[in-house]
Every structure is written in C-alpha cells, then in structure tokens.
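Each remark here refers to the structure printed beneath this line.
The values are calculated or read from the model by the stated rules, or taken from the named source; none is laboratory data. Quantities reported herein were computed from a predicted structural model and do not represent experimental measurements. Because the Cβ atoms are built from the backbone with ideal geometry, glycine has one as well, and the counts that use them run over all protein chains shown. With ligands, DNA and RNA removed, areas are computed over all heavy atoms of the protein, side chains included. Shrake-Rupley method; radii C 1.70, N 1.55, O 1.52, S 1.80 Å.
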Amino acid sequence: MIIEKSERVGETTYTEKLENGLEVVIVPKKGIRKKYIICATHFGSVDNKFVIPGTDVVREIPDGVAHFLEHKMFEQESGVDALYSMMALGLNANAYTTSDHTAYLFECTDHFYEGLDILMDYVQHPYFTKENVEKEQGIIGQEITMYDDDPIWQCYINAMKCLYKNAPIRIDTAGTIETISHITPEILYDCYNTFYNPSNMVLVVCGDFEPEDLLKEIKKRLLPVSRNPEIKRIYPEEPKEIHEKEKECKMEISMPLFMIGFKDSIENNKEELVKKHIGMKILLELIAGEGSTLYKELYEDGLLLSPLDLDYEFSDTYAHVLITGQSTNPKKVEARLMQEIERIKKEGIELDNLERIKRKLYGSYVCDYESVSDIARSIVTDRIKGIKNSFDYLNCFRYIKREYVFDLLNNVLVEKNKIISIVTPKTL
Amino acid sequence: MVETFTIKKNIKGHIVQTDKFKSKLVSIYLTKTTSREEITQNALLPLVLKRGSTKYPSQEIISKKLDLLYGASIDISFDIMADNSVIRFQTIAMDDKYKYDDTNENIFEEAIDLLFDIAFNPKVEDNHFWDEYVEKEKDNLRKIMDARIDDKRSYSMERCIEELYKGKKYGVIRAGYKEDLEKINSKTLYDQYKEFLENCKIDFYFSGDFANTDIKKIISENNYVKKLADRDKNYISEKIDESFEDEEKRIIEKMDVAQGNIVIGLVNENIEADDIYLSLANAILGVGANSKLFQNVREKASLAYYAGSSFVQQKNLILVRAGIEIKNYEKAVKLIREQIELVKQGDFTDEEIASAKKMLIAPLLGIEDEQGLEAAYEFRNELFNVKMTKEDKIKKIQDAKKEDILKAFEETQVKMIYFLRN
C-alpha cells in the first residue's frame, strides 16, 4: 500500500490500487468509535454521453440517469431493499449524486463488517426492472418538485445556465419529470456496466482499523470483474465566454437571494489543481470574507446581514467562482464587489491580510481531520477530481505567494467572466 | 464523560476531557424560563452582542482576530429548549499543538478572552448598548422573522408547534414578534440583558484536550466570572403538566408552493410516561428506512418523498412530517393515521423493534466522536436533570419489551394536523 503521512496533523492515508482497478483508501483513526465508508463511482450528472467501452457505440442518455441509478441501486432481486437492511443494523446509510460522482456510504459505531457485506453486495449487484423503474419515477418526481420549491437550488441552476452554454453542469442533477420518463432498465444497465466498473471507482474508509486487515476484508468481498478500458466521455464543446450575463426568477422567499459567478478556464494540469483551489479561496476571503473591508461596509450599509458563501467549484467540465448571499439589493452588492476588486487590482494585496487568511485556511484544514465523515468525503471528492494526495492542501498552502494570488485576481475576476443569478421574492 | 464543578449557586463548569479532536471548544449557556414578554429581546440579544464588545468593539475587529487565531469560530445563538430560553456563546479553536508559527500567543486563552468579553462585557455607553448596533440589528431581526418562510419544511414544523401550543410557553415564536420591536431601544435592551444575566442559570462547557490546562483555576480567576453572583432557580427542568383540548385541530395555511407539507402533532398528556419507551414507539413509527411511515407512506404508496417523525422528549411530543403532492392530502392523512394505529395496536414485529432500538443506540455511541456533541448532550442532561448515564440508557433500550412500548404510547393522541399548501 502507498503510505502518505502528515506529521503536522498526525494522520496517515493508506492507498492501494487493486488489480481490477479499484482504488482503496484507508485512513486509520485510533480511539474513535465511529466508522465511515464511502464507495463512489466517477459517474455524475454531467456524464450523459459516452462510448460503451470496447465498442464504437456512442450512448446518449436522458438527464437524471446517474441520480436515478443511485436510487435504484438499493433494490435487490430478493425483494429486500439494502437501505432497510443497513438501517436495521443501526447503520446510518445514505447515498448522493453530484455533477461528477455518485456515492454510497454508511456511518456506524457497530456492525461495520455486516454493513460492509451489504454495501459491497448491493453495489456489485444491479437489479432493474420495468416495475421498479416506474415506481421510482413517482418518488423522484416528488423529489424534483421539492427542489422546485428550493430557492437556493433554483438560483444555482440558473447561475450554471448563465455561465455555461453547453457544459452539462447546467443540467439539473435529478433531470426533469419529462426526461426521467424516458429511463428504461436497459439504459440503467448500460450505464452500470460502463461506469460501475472497479477501474472507475474509489472506496474510502475512515475509522479505527488496521489497514492491511481491512484491505483483506474488502478484497474478500469483491466480485471478479475484469477491468474496463478507460471510459471515453463525450462532453460538448464549451466556449470560453459566459453564456448570459444574468438570470432572474421569482419565488416565495423573504429577501432576494443571489449568486455572482466568474467563469474560469479548466485546469488540465492535475498537479496545479490544489494550488489553484487554495489560491482562489485565499483571494475570495481577502476580497469578501468576514474580516474584509468590503463585508464590513456592506454590513453597515444594510446590504448584507450575514457573511457571503465563497466557493471555487471545479471538475473536468467546469471551473468557476460562486459568491452566494442574500440582500435587499443584489445588483448593488455586485457593483460594490467589482469596485473592491478594481481597488485591490490597483493597490495590491497587503501581506498582513494574506498571512491572516492563510492562518484561517490552515486552521480549517487541520480541523477537517477531526471528523471521520469530513475526512472520507473530502478524499472521495479529491480522488474523483484527480487529486492524488489530500495532504497537499495542508502542505502547499504556505507556499502560495502574493504574486500568484494577484495573478488569479487579474485573470479570473474580470467583468467579462462575470454573471449574476437572482431569486426575487414574489411580493416585490 | 464529563466532570462537573460548582462555581456559584446555579453557575457550573463542566469539562469533557478528550484528546480525540484537533480543536478546543468552549460554550457558555445562559438559561431562563421562556416568557412571551421577553422573547423578542432575547432573540435580539445575540445579534447585538456579536456586533462588538468593550475590548473588541466591532465585527471587523472580531473577525480579523478570529482569522489570526487560525480560523477560530464564534457563534452566538438563541434557542428554545422545552419551556426555557437559552442563549449560547460558543467558540471552537484549533488546538495550540498544531500552530505552525513560533508565535507566543496561546490560541485557547485568546479565544476565551474574546468569547467572555463578548458574553459579559458588551459595548456599552451611558448604561445602554450602542444605539447604532441596536437599531441595525432590530432591522436584521425583522428580516430574520420574514425569512422563516424560506424553508418550507422547517416553517411547517414551527407553525404546527406554535398552533398546538398556542398561549403556552412552548408555542412562542422563536424569532420573536414584530410588534415588540418598536418598543425596544438600546436602554431597554441593556436592562433586559442585565436582568437576564443576573437571573439565568449559567453553564460553562469545555471540550478538548485540557490535560495540561487547569480549567478550574482559569475559570475561578476569571474577572468576569468573579463578578457573577449566586442566583435562584429561574428555569424549568421538569415536564409541565399541560392539558389540551380533546378534539383534534386542523390548520391549513396557503402559500405559493409546489409541494405540500404535512405536520401532525401527537401528545402524551401523561407526563409520567416513560421517555425511553416513548422514543422507541416514535422510532418504530417514523425513524429510519424501516419505520412505518417510511415503508408505508413513502415506499409502498409512493405518496411522499420524505415521511418520518421526531420525538421532543421534554414535551412528550411526537411530530409526524411528510412532503406530499397537494392533491394527495386526504389520502396521506388517512394513511398516516393508519400507521399510528398500527403502533398503538402493537402491530409491529420483533424485527421492527430491533431496528428501532438500533436507531436510538447508534447516535448515543457516536456522541463522543464529534466535537461539540458531547457538550451539547451533557448540557441537555444538566438542564433537565437527567441522571441516567449513557450506558444505563443503552441498556434500558436494549431490554425494552413490546408491552413497555405499548404502555408508553397508548395515551398518545393526535392533537393537531397542520398542512402547508398552495
């Protein structure tokens, strides 16, 4: 196993790439009773066009398949739902789908190996029929309707539609009631056979384990499956420019909600990803974090009542900054933000501020290693994005120079890259 | 494991010593019986106090200081716990052993200094809070009151409780009342703050690695703590004997929504009913994928995307919640009632009981593994005078029999059906 250690935070990761291609990562946590396991596949809502491995056949699938598949995985041929079996053991089991991966997980204090049996069983045994697909269409239909009432989700999807013309991140993860009506068992099996191949998956466990012993237990439960050749994913061409400057919709909320986005170019060099991610986080905190001059002024002027969410999201098919908040006047916030950005471009970044933000970031990275779920989840996210060593975040942040952050400011936070998505109260 | 020590009458310190975490946590809980007259002021206090203290007079100064303390956090919140109003001041700071600079500062001591100054030494002028802060935060609170409707699920829960407990302490609106705001100014609010501080129960919680820190000494020598006086008991630790009307009430509220939210409140008016058995009944009814509500309302009938129930122990209250298509309202209510009847009649298997037990035991076992959980858990025990240890609780759950569960649940009645629709 490849062993990576962080002396600084006192944690170690053990990684093994199995013969069938599955990547297993184990993070031992002595003295903690909780255990957390996630099994994830690099298959998300953006993967709706691909070549069936070993053939020339191009498959295009309806929106919402990855999420639909996630729901259906729990159903077993025996009729027993694997989610119930796990919960009956007292395991806190769940699953989720994002733009670039689907994950199956559970957290427990007891019965880990029984849970592992069930998890590895249902993930390796798909069972889709016409009946169970139809039933799920009803349940997912309601989930979609629930998200129709969610202002944050609507604001986000609109922001993606502004940023991107063709990139599949602009597709709703769950699809629409119309698109999911086209899903058939055949489609689900095609996707399963393509993407749920071990070579496309990662398994992460965090808890009080002996890594070699746990690895043995995992291997015991693996079905012999041959490794697929690399999956050819077909993504549409995406222009560099943003698609639309702004989008607004009305919903029943109390105060306007907004997301200001800046489109960035996709970083193809995986080694640079961590550096860029940290650089962007530092930059955003400097400009608009809770300790910033901008936030202070916006708060005193009544334009903001609580801190902004500052994110940099990135994957193979998208990269953007997203600044989220609520305000009685989102356009004013947008204008003041740009003013502040221009000011810093002229006056430069103060070293004091840079060091202060670095400390803040470092503290959050350290404390992330407190929780088995935070550890497991961030390792899965990192691996799917091609980041091989999660400790890179802890190790490289100190070497981010002022000039680097300043370059990001000048290259990414520019007017032509900017969009805004607003959700306005119906009563206004 | 928590070590408790008395500082003054109704002022205590509690230490959860553990080296499992990378951070240290300090919480100050101020607890007083809920009163309709004070609720809005109490909801406003955290907002004003976090704007600035005597030594750290602005938000910007506080934020910058926290950044320098390696991203320590300060959180000040107001909440209702049964019939009590609780203001909590909390800081979580990275443990000093992970510092990368060879700086002399002690993160823990600085974080405490900041937290205590905010809690006990607010920014004050001529015996009143800073006018600007109070006026600004009143505006803020108004907006928070309006924002209740943003999350339909939590809004429906709150509304059901408010209607079910109308006129009673538990039914007050947590965010306060708009009509009260006009009467509040920087002087009246400061008077309220002083009165609250003089009469509330105070609990200090410390969670983290304090093996090399003498907490008792630090607290007893703290200047703010020294100024605090003994106080009488002004909070409610027992269950209140409340009576409800016999007949069920139905409330329908209309809003522009695509999905309907049902919340049904069930109460067991017998305050002697056993909590553990009642919580098991609730688990069988609606906790987890093996529960009646999840299985029969969500899965088999496909009537709801979410369907479950929660138990508010101190109020003997069970809240059933379901997200449904609006047109299926009557069907869903009927089906939910059937599930409640099934539990009442004892129509559940040994497997269902076993599953319910596991759902209750698992979180108890995990409490020590996440920073803050144990402190919060112990505070709840402290407030409601729960002497039972975690181990005894787990044993009681494991040994529970069907008859115990039925006996605890039998007097539970539906009292309120609330529906949020278009």
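Computed values, structure above
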item: Average projection area in nm² (convex hull over Cα atoms of segment B:64-210, one quarter of hull surface); result: 11.8 nm²
item: Long-range Cα-Cα pairs in segment B:200-262 (distance over 16 Å), rounded percent; result: 73 percent
item: When the protein assembly as shown is reduced to its Cα atoms, the Kirkwood hydrodynamic radius in Å; result: 28.9 Å
item: Accessible surface ranking that places the most exposed of A:R356, A:R227, A:R233 first, with a 1.4 angstrom probe; result: A:R227, A:R233, A:R356
item: Rounded accessible area of B:S73 (nearest 10 Å², 1.4 Å probe); result: 50 Å²
item: q = 0.19 Å⁻¹: log10 I(q)/I(0) that the Debye formula gives for segment A:376-428, counting C-alpha atoms only; result: -0.88
item: Whole-Hz ³J(HN,Hα) from phi, Karplus 6.51 cos²θ - 1.76 cosθ + 1.60, for segment B:283-297, glycine and proline x; result: 5, 5, 5, x, 10, x, 6, 9, 6, 4, 5, 5, 5, 8, 8
item: Extension gain, A:E178 back to A:L351 (0.36 nm per residue minus Cα-Cα distance, nm); result: 56.9 nm
item: Pairs of alpha carbons in chain A whose separation is greater than 29 Å (percent); result: 51 percent
item: Solvent-accessible area of A:R343 with every protein chain in place, 1.4 Å probe, in Å² to the nearest 10; result: 90 Å²
item: Estimated translational D of segment B:264-347 in µm²/s (Stokes, Kirkwood radius over Cα pairs; 25 °C; 0.890 mPa s); result: 191 µm²/s
item: Placed amide H near B:S85: partners under 5 Å, 5+ positions off or other chain; result: B:K32, B:T33, B:T34
item: Rg to Rh, two decimals, where segment A:43-190 supplies the alpha carbon set and Rh follows Kirkwood; result: 0.99
item: Relative contact order computed over segment A:1-133 (Cα-Cα under 8 Å; 6+ residues apart), in percent; result: 23 percent
item: Accessible area (Å², 1.4 Å probe, nearest 10) - A:K281; result: 70 Å²
item: ³J(HN,Hα), Karplus 6.51/-1.76/1.60, whole Hz, each residue of segment A:123-139, x for Gly, Pro; result: 5, 9, 10, x, 8, 10, 10, 4, 5, 6, 6, 4, 4, 5, 4, x, 5
item: Check: chain A dipole with +1 on Lys, Arg Cβ and -1 on Asp, Glu Cβ, in debye; result: 1100 debye
item: Cα-based shape type of segment A:272-428, given that a ≥ b ≥ c are square roots of the gyration tensor eigenvalues and the cut on a/c is 1.5; result: prolate
item: Quotient of Cα Rg and 2.2 N^0.38 Å for chain B, N being how many residues it contains; result: 1.06
item: Solvent exposure, largest accessible area first (probe 1.4 Å, DNA, RNA and ligands not counted), of B:S243, A:S315; result: B:S243, A:S315
item: Cα-based helix-to-principal-axis angle, A:151-163 vs chain A, degrees rounded to 10; result: 80 degrees
item: Helical contribution to [θ] at 222 nm, DSSP H n ≥ 4, -39,500 (n - 2.57), averaged over chain A, rounded to 500; result: -13000 deg cm²/dmol
item: Segment A:E272-A:K332, length gained on full extension (0.36 nm per residue, minus Cα span); result: 18.2 nm
item: Kirkwood hydrodynamic radius of segment A:164-274, Cα pairs, Å; result: 19.6 Å
item: Ratio Rg/Rh, restricted to segment B:179-294 and using Cα atoms, in which Rh is the Kirkwood radius; result: 1.10
item: For segment B:84-232: relative contact order, % (alpha-carbon pairs under 8 angstrom, 6 or more apart); result: 22 percent
item: Cα-based equivalent ellipsoid, segment A:17-58: semi-axes from gyration tensor eigenvalues, Å; result: 34, 14, 5
item: GNM result for chain A, Cα springs below 10 Å: residue of A:Y36, A:Y362, A:Y196 fluctuating most strongly; result: A:Y362
item: Cα centroid separation, segment A:1-63 to segment A:211-274 (Å); result: 14 Å
item: Residue-by-residue Karplus 3J(HN,Hα) for segment A:88-95, coefficients 6.51, -1.76, 1.60, Hz, glycine and proline x; result: 4, 8, x, 7, 8, 9, 7, 7
item: For chain B, calculated [θ]222 nm from helices alone, where every DSSP H run of n ≥ 4 adds -39500 (n - 2.57); result: -12000 deg cm²/dmol
item: Most mobile listed residue (A:E23, A:E244, A:E210) in chain A, GNM with C-alpha springs under 10 Å; result: A:E210
item: Cα-based Rg / Dmax (Å) for segment B:319-418; result: 17.2, 47
item: Length gained when the stretch B:K226-B:T103 is fully extended (0.36 nm per residue, less Cα-Cα span); result: 41.3 nm
item: Value of Rg to Rh for segment A:172-235 (Rh from inverse mean 1/r over Cα pairs, i.e. Kirkwood); result: 1.11
item: Tensor-based shape of segment B:1-89 (alpha-carbon gyration tensor, a/c under 1.5 rounded, otherwise prolate or oblate); result: oblate
item: Projected label distance in nm at B:I326 and A:L222, using a 7 Å step from Cα toward the beta-carbon; result: 5.2 nm
item: Gaussian network model of chain B, Cα within-10 Å springs - most flexible of B:K387, B:K358, B:K32; result: B:K387
item: Shape category assigned to segment B:60-131 from the gyration tensor of Cα positions, a/c cut at 1.5; result: oblate
item: Pairwise label distance in nanometres, B:E238 with A:E114, each label 7 Å out on the Cα-Cβ vector; result: 4.2 nm
item: Rounded FRET efficiency, nearest 0.05, which uses the C-beta distance separating A:K416 from A:E300 and R0 of 45 Å; result: 0.90
